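Okay, so here's the structure we're looking at.
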Amino acid sequence: MQTNDFMELNENTSEVKKEKKFPFLKKLEMMMEESKLEDAKKSKMKRVHKKGNSQIAKKMGEEAVEMVIASEQDNDENFLEESADVFFYYLMALHARGFELKDVLEILKKRHKK
């Protein structure tokens, strides 16, 4: 999948143009924000946030190692599963620090704008 297939950034705004194509991503980020609230219902995300940034980073690192190992094997399903785990904890780390995926995408857009 190419970057263009995933998201197209609008030249005039920082909003993701094709967000409708991946509504679950926005929903997932909203769930992550809600899980940080003290009165949020119990969930895996709430438990992860309660453990703090250090534990989120540790888990992200563990999952990244598993993804690297999976990338060298011929099992595409396992590679994608491990990639999803890394992405999940990456998003958790962003939200724990008060950021969203769009903040990172803006940096990438600036770096590759020519």
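The values are calculated or read from the model by the stated rules, or taken from the named source; none is laboratory data. Note that this is a predicted model, so its numbers are computed, not measured. In case anyone asks, the SASA skips ligands and DNA or RNA and just uses the protein heavy atoms, side chains included. Shrake-Rupley method; radii C 1.70, N 1.55, O 1.52, S 1.80 Å.
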> Residues with amide H under 5 Å of PHE22's amide H, sequence separation 5 or more or different chain, H placed in the peptide plane at 1.01 Å from N; which?
Replying inline: none
> HN-Hα J couplings of region 67-78 from phi, Karplus 6.51/-1.76/1.60, θ = phi - 60°, integer Hz, Gly and Pro as x?
Replying inline: 5, 4, 4, 5, 5, 8, 9, 8, 9, 4, 4, 5
> Taking LYS110 as the anchor, which lysines have their alpha carbon closer than 30 Å to its alpha carbon, excluding any fewer than eight residues away along the same chain?
Replying inline: LYS17, LYS18, LYS20, LYS21, LYS26, LYS27, LYS36, LYS58, LYS59, LYS102
> Per the 1.4 Å probe, what fraction of the accessible area of region 43-113, in percent, lies on carbon and sulfur atoms?
Replying inline: 54
>> Probe radius 1.4 Å, ligands and nucleic acids left out: which of LYS21, LYS110 has the largest accessible area, and how do the rest follow?
In response: LYS110, LYS21
